[in-house]
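Here, each number is a calculation from the coordinates, and none is a lab measurement. These numbers were taken from a predicted model, which means no experiment stands behind them. When we count neighbours, we look across all protein chains shown, and the Cβ atoms used for this are built from the backbone with ideal geometry, even at glycine.
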Ligand SMILES: NC(=O)c1ccc[n+]([C@@H]2O[C@H](COP(=O)([O-])OP(=O)(O)OC[C@H]3O[C@@H](n4cnc5c(N)ncnc54)[C@H](O)[C@@H]3O)[C@@H](O)[C@H]2O)c1
């Protein structure tokens, strides 16, 4: 395969990054552009030499040969897109979350497996230099195995801004499905552990512009006993954002104080954090590009599939466990199919 031919489905906010990432590579090319909005397709086709446009993926795969598809559509209602990708034998890179329910995500994973098609999910935060550096600090040789942590993400997300997507305004649990999914995935990735028990509470502050709950508080217990206290909100009532992820280990603490950097560590008696030097990055772009590198290597050379859908479902189960725990007031084991309840912890 000389060039990896890509069809991009969904030409909204996130697609701007994907178009840039693919266009920057001489060995990949966008050959198809799909959206329900005719004007968006026409504008994108006009800017992409040789690309075919259409309203559905099936329509475009009938007109152009391709190797892979990026699904940059809202997570709900992707059945037809997955079916069309499978019918055309295209490797799939789907934006997170893969679906708006665990059941639908599992169905997509099963459909792809039956068709023999690879299915990856766009968990770009795994590819940030700060994420890799944090993970490396938590080895036995460095700071040691974490025993507890807190993860705080407090943001005033003005969902009415023109450059932001609009569907989260009316979603059930927009914070969990759209944002916390990244955080839960990061916890599993960085700690290399699986959640065993989740107690959570979701709610919506009176000033929230979201129809569904913008606030999530959770206590998450992982294999090995690690306990993480999580607070996430899109309705934090101050414009400057707080991101603070502090992990406690036998030797001291590791603190990430910014979504894209600001990593430091300290031994118990240190007077100050020792900052970790990180490379300069362009947020959203470099991380997506690094993820796409691995995806393209898989499509072209059979390298390991990054962020497989089978793994992503485990993070989605954490989202569903938070919802169930908040509804029932009970602790939930997210690993159990059907989310069977455990005793309150
Ligand atoms: N990984 C990240 O950091 C990151 C960041 C932002 C968004 N996202 C994800 O990217 C996805 C898209 O988000 P967005 O912000 O671009 O949303 P958006 O609403 O701005 O764009 C979605 C586009 O998909 C089109 N669309 C909807 N249904 C379609 C269908 N059935 N067929 C064809 N086109 C359809 C819409 O017309 C729209 O143009 C979501 O899953 C979101 O969670 C990921």
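A few remarks follow.
- To the nearest ten degrees, helix 309-328 and the longest principal axis of the Cα atoms of the chain are 50 degrees apart.
- Potential lengthening between residue 203 and residue 257 on full extension [0.36 nm per residue; Cα-Cα distance subtracted]: 16.9 nm
- Label-to-label distance, residue 39 versus residue 79, with points set 7 angstrom from Cα along the beta-carbon direction: 3.1 nm.
- Just checking the listed ones, 273, 123, 11: in the Gaussian network model of the chain with Cα springs under 10 Å, the one fluctuating most is 273.
- Length gained on full extension, residue 327 to residue 49: 95.0 nm, using 0.36 nm per residue less the C-alpha separation.
- In the chain the Cα-Cα distances spread across 20 Å bins starting at 0 as 29, 58, 13, 0 percent of all pairs.
- Gyration tensor (alpha-carbon) shape descriptor, the range 186-269, a/c threshold 1.5: oblate
- Axis of helix 102-115 versus longest Cα principal axis of the chain: the two differ by about 50°, to the nearest ten degrees.
- Listed from fewest to most Cβ neighbours within 10 Å, the set 251, 108, 173 follows the order 251, 173, 108.
- Volume of the convex hull of the range 4-122 (Cα atoms only), normalised per residue: 88 Å³.
- Förster radius 30 Å - calculated FRET efficiency between residue 3 and residue 142 (Cβ-Cβ, nearest 0.05): 0.15
- Crossing angle, helix 38-47 versus the chain [Cα axis fit, 0-90 degrees, rounded to tens]: 80
- Residues 326, 315, sorted so that the one with the fewest Cβ neighbours within 10 Å comes first: 326, 315
- Order of 37, 155 under a 10 Å beta carbon neighbour criterion, fewest first: 37, 155
- A simple spin-label model places pseudo-atoms 7 Å from Cα toward Cβ; at residue 25 and residue 13 they are separated by 2.5 nm.
- Legend: calculated FRET efficiency, residue 297 to residue 65, from the Cβ-Cβ distance at R0 = 22 Å, rounded to 0.05, equals 0.60.
- Using just its DSSP H runs of length 4 or more, each adding -39500 (n - 2.57), the chain gives a mean residue ellipticity at 222 nm of -9500 deg cm²/dmol after division by all residues.
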